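Bear in mind these aren't lab numbers, they're just calculated from the coordinates by the rules spelled out. As the structure is a prediction and not an experimental result, all values here were calculated from the model. Neighbour counts run over all protein chains shown; Cβ positions are idealised from the backbone, glycine included.
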Amino acid sequence: MTATAGDRKQRILLALIVAMSALWVAALILVLSAYAPVAKDGPDVACVMQAPNDLGFSASHSPESVVADGRWVMLPLGLECTYSVPASGETAQTQPNPIPTAAVAAALAATAATIVTAVISRKRHHTTGKSHQ
């Protein structure tokens, strides 16, 4: 028994839906793992916990004199931290990891591709079906 073109299209559409769903699950996991420290302790404490060893400040300050200020940003998705030494006026900033944003973008692209494929497939199916009547 051979598969018809319609069966192949349905299998392709199903594969796209599965891939899209997997990307959304991965994106959700990445976003939640990025947000978990912020939700647990607040953005400022999360910045303190993930501060890089070398922020580029002069050696004349103690680590305790660094003030961390964090905030959740939407693009790129994640925690943005600003570190400052009030006594010297030095500041440093870290940006969120780009991976959660890339995962959400990939999931959005897969969603768009699935919708476009479904619409085109449906239009072709209806057009082909009408011409054979």
Among 60, 43, 13, the residue whose Cα sits farthest towards the positive end of the charge dipole of the chain, when +1 is placed on the Cβ of each Lys and Arg and -1 on the Cβ of each Asp and Glu, is 13
Exposure-ranked with fewest Cβ neighbours within 10 Å first, 64, 90 stand as 64, 90
Taking H as built 1.01 Å from N, whose amide H comes closer than 5 Å to the amide H of residue 90, not counting residues under 5 places away? 85
Per the Kirkwood treatment, what hydrodynamic radius in Å, one decimal, follows for the chain from the mean inverse distance over all distinct Cα pairs? 18.5
List, in order, the whole-Hz ³J(HN,Hα) value for each residue of segment 103-120 obtained from phi through the Karplus relation with A = 6.51, B = -1.76, C = 1.60 and θ = phi - 60°; use x for Gly and Pro. 5, 5, 4, 5, 5, 5, 5, 5, 5, 4, 4, 5, 5, 4, 4, 5, 5, 5
For the chain, the longest principal axis of the Cα atoms and the Cα long axis of helix 5-41 enclose an angle in degrees, to the nearest 10, of 10
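Starting from the Cα-Cα distance between residue 25 and residue 115, subtract it from 0.36 nm times their residue separation and give me the gain in nm to one decimal.
Between residue 25 and residue 115, full extension yields 30.6 nm more.
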